[in-house]
Amino acid sequence: MALEIQHTHLPIRGLNLHVAHVGKGELGTVVFLHGFPEIWYSWRHQMLAVAAAGYRAIAPDCRGYGLSDQPPEDEEVSWDDLIADVLAILDAYSIPKAFFVGKDFGAMPAYEFALQHPERTCGVTCLGIPFNPAPVSFDTMPEGFYILRWREPGRAEADFGRYDVRRVVRTIYVLFSGVEIPTAKEGQEIMDLADLSTPLPEWFTEEDLDAYAKLYENSGFRYPLQMPYRAIHKIPNRLDAKFQVPVFIVMGEKDYCFKFPGFEAALRGGAMGHFMPDLKVTFIPEGCHFVQEQLPEQVNELLLGFLKDHPVVAA
């Protein structure tokens, strides 16, 4: 019988968080943490692959995203909430320890959880984002750089508000799957950088877009713009970090993030080894920002290899 992803809402720290899950977990548990404009659905290929291999796959919608509850509007956005939510999800399922797979901003709670709770962590895999011991500075980027635009209160809301949710998600997927960093020119907004004549990536179907649009119609973009874009400066300083668990970083070489300040040096220069004694970095030559959706078979093979190389030892 084919594996089928199930859906649950868990009461987590005052919010009902949506969690997708599949698999019995004979070999352990893998927790998937999405980025933006992603959602639990971004991990559909990886969830089924690890479940078929004997693991339990869990993919929450981050608070304020998809089918998870919205935090109160007046509540300050905190990265600590994401780590605490993950810990509470493990506790809710009585999972003693797990592997974590993070993508985009989801890499940050994956790294940070491993540092704060090594006894609950089997290993970490992150896609597209190296470990940064201090917040990345974007001061050298042009004014039209999308992160600089989106961290301005109200600017992205006005830009996105010109279109329906489906069009917004479509535009972001088109832009973020490219090689160049999305950057607006004078007189432009980010949504102006792609129109309906620009085709979707060949690996991203209209049905996929419908799934994303439905989830973002539910959540809106209020919290997703707060987390991560208006919280990047709050990423903790971790110059003293020392990972006690194995770390595997997978980077698509056509991911526009490769061009972020310091990213290529971090990924190729060996500096992360100071913080991560057990580190492996693999590059996928054709991989874009959404490499796990673009090239699922390659990513699944790499992820399963990492899991098998680090079997969970029963207590």
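Which GluC sites (Glu not before Pro) from the stretch 233-315 combine a DSSP loop assignment with at most 13 other Cβ atoms within 10 Å?
Passing sites in the stretch 233-315 are Glu286.
Counting heavy atoms of the protein chains only and a 1.4 Å probe, report the per residue accessible area for the stretch 1-113 as a whole number of Å².
36 Å²
If N is the number of residues in the stretch 38-197, what value comes out of its Cα radius of gyration divided by 2.2 N^0.38 Å?
1.18
Taking the chain as the reference, fit the longest principal axis to its C-alpha atoms, fit the long axis of helix 165-176 to the helix C-alpha atoms, and give the angle between the two in degrees, 0 to 90, nearest 10.
Around 80 degrees separate the two axes.
Kirkwood Rh over alpha-carbon pairs of the chain, then Stokes-Einstein at 20 °C and 1.002 mPa s: what D in µm² s⁻¹, rounded to an integer?
109 µm²/s
Hey, can you grab everything whose amide H is under 5 Å from the amide H of Gly287? Only 5+ residues off in sequence or another chain; H modelled, so Pro and N-termini drop out.
It is Glu253, Lys254, by chain and number.
Given charges of +1 on the Cβ of Lys and Arg and -1 on the Cβ of Asp and Glu, with all other atoms neutral, how large is the dipole of the chain about its Cα centre, in debye to the nearest 20? Walk me through the intermediate numbers first.
Working: 27 positive and 43 negative charges, 137 e Å.
Charge dipole of the chain: 660 debye, to the nearest 20.
Which net charge results for the neighbourhood of Phe306, defined as the other residues with beta-carbon distances under 13 angstrom from its beta-carbon, given Lys and Arg at +1 and Asp and Glu at -1?
-1
Residues with beta-carbon under 12 Å from that of Arg170, excluding Arg170: net charge, scoring Lys, Arg +1 and Asp, Glu -1?
Spelling it out: positives minus negatives among the neighbours equals -3.
List the trypsin sites (Lys or Arg not before Pro) in the stretch 231-315 that DSSP assigns to loop (not H, G, I, E or B) and whose Cβ has at most 14 other Cβ atoms within 10 Å. Which are they?
Answer in residue order: Lys242.
Local charge sum around Cys126 (other residues, Cβ-Cβ under 13 Å, Lys/Arg +1, Asp/Glu -1)?
Net of charged neighbours comes to -1.
I'd like the orientation of helix 79-92 relative to the chain: the angle between its Cα long axis and the longest Cα principal axis, in ° from 0 to 90, rounded to 10.
For 79-92 against the chain, the angle is about 40 degrees.
Under the definition of Cα pairs under 8 Å and six or more residues apart, what whole-number percent is the relative contact order of the chain?
On the way: 569 pairs, mean separation 63.0, N = 315.
Answer for the chain is 20 percent.
Heavy atoms only, probe 1.4 Å: what % of the accessible area of the chain goes to carbon and sulfur, would you let me know?
C and S fraction of accessible area: 53 percent.
The values are calculated or read from the model by the stated rules, or taken from the named source; none is laboratory data. Model, not experiment: these values are computed from the prediction. Quick reminder, even Gly has a Cβ in these numbers, built from the backbone with ideal geometry, and neighbours come from all protein chains shown. Heads up: the accessible areas ignore ligands, DNA and RNA and are worked out on the full protein's heavy atoms, side chains in. Shrake-Rupley method; radii C 1.70, N 1.55, O 1.52, S 1.80 Å.
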